[in-house]
Amino acid sequence: MTVDWLAGLDVDYRTDPAFLATRRLDRSGWEPEGSPSAVVLPTSVEQVQRVLQGASASRTPVVPRGAGTALTGATTAGSGTIVLDLSGMNRIVDIRPADGVAVVEPGVITADLDRAAAGHGLRYAPDPASLELSTIGGNIATNAGGLRCAKYGMTRDSVLGLDVVLADGTLISTGRATLKGVAGYDLTGLFVGSEGTLGVVVGATLRLRPLPPPSATIAAAYPDFATAVAASVALAEARVQPVLAELLDRATLRALAAHGHPIDGDALLIVQLDDGTASTDRALAALTPGSTSIRSTTDPTALLETRRQALPAIERLGRPLIEDIAVPRSRMADAVRAIEEIAARHDVPICTLAHAGDGNIHPIIVAGRHDAPVPEAAQRAADEIFGLALDLGGTVTAEHGIGVLKQAWLGKELGGPQHALQRQIKALFDPGDILNPGKAL
């Protein structure tokens, strides 16, 4: 597809094959057919508008992109597409401590915003694992989660308003800069998690929260995963609201041990709190029964290092497929037990991490060598895991999104009428189907 029309738009773009290759893939491992025709590098809202006006007129598919950390193929770009790389729109426009809000462009790195907010005694709460790489725009596109979402919620819970360029180049502003407001339909919430299929986010007004006092972090080891899940339930019953509650299964702990991080027991629960000594005492009382060892520290990073080293340790075993399901918290032990059976049945190693505070489980399938195709056994195991999530009353994605890799399961989760309605919403916002076509729905 020709993209000669880009030449008259006064916006930087690249068409050389070496550069196109750097924007063709994301972290999912999904390989689209062919390569994009161009990568457009806007630095202003007006440039984004002109690009979408031209794309709409020429029916050119557009793939919005931030840092490319998506895990479901949502930012992959194949033949006939142009990539709209928003990473150059990376200004923190304003931080308003009195209002508890920040105004940012989509290319701002998540961790950079959190650090800037900390200078005002505030925090940007969402903290996906990719926070040092991922952009605010990408987080909004996927409604990203993270470790702290057990207490502070998903990205959607921190987005107050958006500036969005629609498929025809129209600029709209949704939501507001106040912490409360219910005027009209919630279009802000609709755009969050839409994976770039309804519009291109070019600005965001975000909620900031007070930076809490030094937290307590507890690491408790258990003889099996079921006992660790029971401890996390006991934590909830004790009315303790952790900032994070992370569960690591036996396979993950073995990978960590091989990587120089030995842990007693066959399951590890890491809990972090930010609301004082009384809460810490209740947490320790809830977590101690059944544990094989328990440690507590006021250093917010010491015990979390084990959790952060889990994925690098698993990557040393082979190519990781990082899956993402959620089940009711009371069914987590059932889910992990079934995942272990799936791993054995297909002879595929699976290491499981879980955000115990909200039932979000990440079964990480070790799918052979990094440089080899994904084995069919690994794909069959993934499909069984998605079916398991639905059977247990859960979802096939809690925070990574649908992208390309989970489209076959979306209709099964939503049901026919709702799936059809969502397609109608897509057609209303993007009648030419140029915005990230073939993704999400």
Quick one: residue 36 ticks every box in (1) part of a helix (DSSP H, G or I); (2) in contact (Cβ under 8 Å) with a residue 12 or more places away in the chain; (3) under 30 Å from the mean Cα position of the chain (by Cα) except a single one, so which number is it? (1)
So which residues in segment 160-171 are under 18 Å from residue 427 (Cα atoms) and within 25 Å of the chain's Cα centre (by Cα)? 164, 165, 166, 167
Odd one out for residue 118, checked against (1) farther than 30 Å from residue 19 by Cβ; (2) in contact with a Lys or Arg (Cβ under 6 Å, 6 or more places away or on another chain); (3) not β-branched (Val, Ile, Thr): (2)
Pair list, Cβ under 6 Å, 6 or more apart: segment 289-303 residue in contact (Cβ under 8 Å) with a residue 40 or more places away in the chain and within 14 Å of residue 263 (Cβ to Cβ), other residue in a loop (DSSP other than H, G, I, E, B) and acidic (Asp, Glu): 292/264; 293/264
Inside segment 247-262, can you point out the residues that are under 17 Å from residue 294 (Cβ atoms) and in a helix (DSSP H, G or I)? 253
Tally of residues being crowded, with 20+ Cβ neighbours inside 10 Å and in a loop (DSSP other than H, G, I, E, B) across segment 195-214: 6
Could you count how many residues in segment 391-428 are among the hydrophobic types (A, V, I, L, M, F, W, C), part of a loop (DSSP other than H, G, I, E, B) and over 23 Å from residue 68 (Cβ atoms)? 1
Enumeration of residues in segment 321-337 that are buried (at least 19 other Cβ atoms within 10 Å of the Cβ) and either without any contact (Cβ under 8 Å) to a residue 60 or more places away in the chain or acidic (Asp, Glu) (or both): 323, 324, 335
Consider residue 359 carefully, then state whether it is buried (at least 20 other Cβ atoms within 10 Å of the Cβ), on the phi > 0 side of the Ramachandran plot, in contact with a strand residue (DSSP E or B) (Cβ under 7 Å, 6 or more places away or on another chain) and of a type outside the set (A, V, I, L, M). yes
Candidate set from segment 255-287 (those that are touching a residue at least 40 places away in the same chain (Cβ under 8 Å) and among the charged types (D, E, K, R)); member that is surrounded by the fewest Cβ atoms within 10 Å (Cβ to Cβ): 264
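Any read-out appearing in this document is the output of simple, stated calculations on the displayed coordinates, not a laboratory observation. Computed from a prediction, not measured in an experiment: that's the story for all the values here. In this analysis, Cβ positions are derived from the backbone assuming ideal geometry, glycine residues included, and neighbour counts consider all displayed protein chains.
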